[in-house]
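All of the numbers you see were taken from the coordinates with simple rules; none came from a lab. Bear in mind that the values here come from a model prediction, so they are computed numbers and not experimental data. Every residue, glycine as well, gets a Cβ built from its backbone with ideal geometry; the counts of neighbours run over all protein chains shown.
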Amino acid sequence: MVNGPVDAAVLLRLKGETGSRGPPGVIGPKGYRGHLGASCDPGKPGRPGADGMSIGQCGQQSDQQAHSAFSVMKTDNSYPRIGQVVTYQTANVNTRIDFNTATGRFTCRVPGVYYFTFHSVAKVSICLAIASDAQTDKLGICDH
């Protein structure tokens, strides 16, 4: 132990014994995302998987196979009047032909739960809604 005033500059130059490790500090903020590495050639394909389980008799349609899906596009530049059904010119996907592009109507032939979504791009203000003959409520959007 030193008696009297201590020169801080002298203490910084003196090396003492290594002490015990202190407790861990507080975790800092997450760092920035790094750059994407070099792309490599893809690996070899894996072995084929096991055959799936057989359900039902041969030739019968199972519940898993019975589904409906559609994706349609309106490609002309006309805009329907307010309250008019939107019709479409192109069907990208239309399994079971449940969506009629000429009438803009989907007919539910396979019972189940359905998920509908739509996307629209327009140069004017638009309001669109999904309507149902079975429900009075409509789900819609307006973009002004």
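If each of Ile27 and Thr117 carries a label point 7 Å out from its Cα toward its Cβ, how far apart are those two points in nm?
Here the answer is 3.1 nm between the modelled labels.
To make sure I understand, if each residue's beta carbon is the centre and we count other beta carbons within 10 Å, what order do Asp7, Asp98 fall in, fewest to most?
Arranged by neighbour count, lowest to highest, Asp7, Asp98 become Asp7, Asp98.
Through the Karplus equation 6.51 cos²θ - 1.76 cosθ + 1.60, θ set to phi - 60°, convert the phi angles of the range 76-92 into ³J(HN,Hα) values in whole Hz; use x for Gly and Pro.
With coefficients 6.51, -1.76 and 1.60, one gets 7, 9, 7, 10, x, 5, 4, x, 7, 6, 7, 9, 10, 9, 10, 10, 6 Hz.
Ignoring the sites themselves, what is the longest stretch of the chain with no trypsin sites (Lys or Arg not before Pro) in a DSSP loop and at most 15 other beta-carbon atoms within 10 Å?
34-80
Using helices alone, what [θ] at 222 nm do you get for the chain, with -39,500 (n - 2.57) per DSSP H run of 4 or more residues, divided over all residues and rounded to the nearest 500?
The per-residue figure over the chain is -1000 deg cm²/dmol.
Assigning unit charges at the beta carbon (Lys, Arg +1; Asp, Glu -1) and nothing else, what dipole magnitude in debye, to the nearest 20, does the range 70-143 show about its Cα centre?
Approximately 100 debye in magnitude.
Report the far tail of the P(r) of the chain, meaning the percent of Cα-Cα pairs longer than 25 Å.
66 percent
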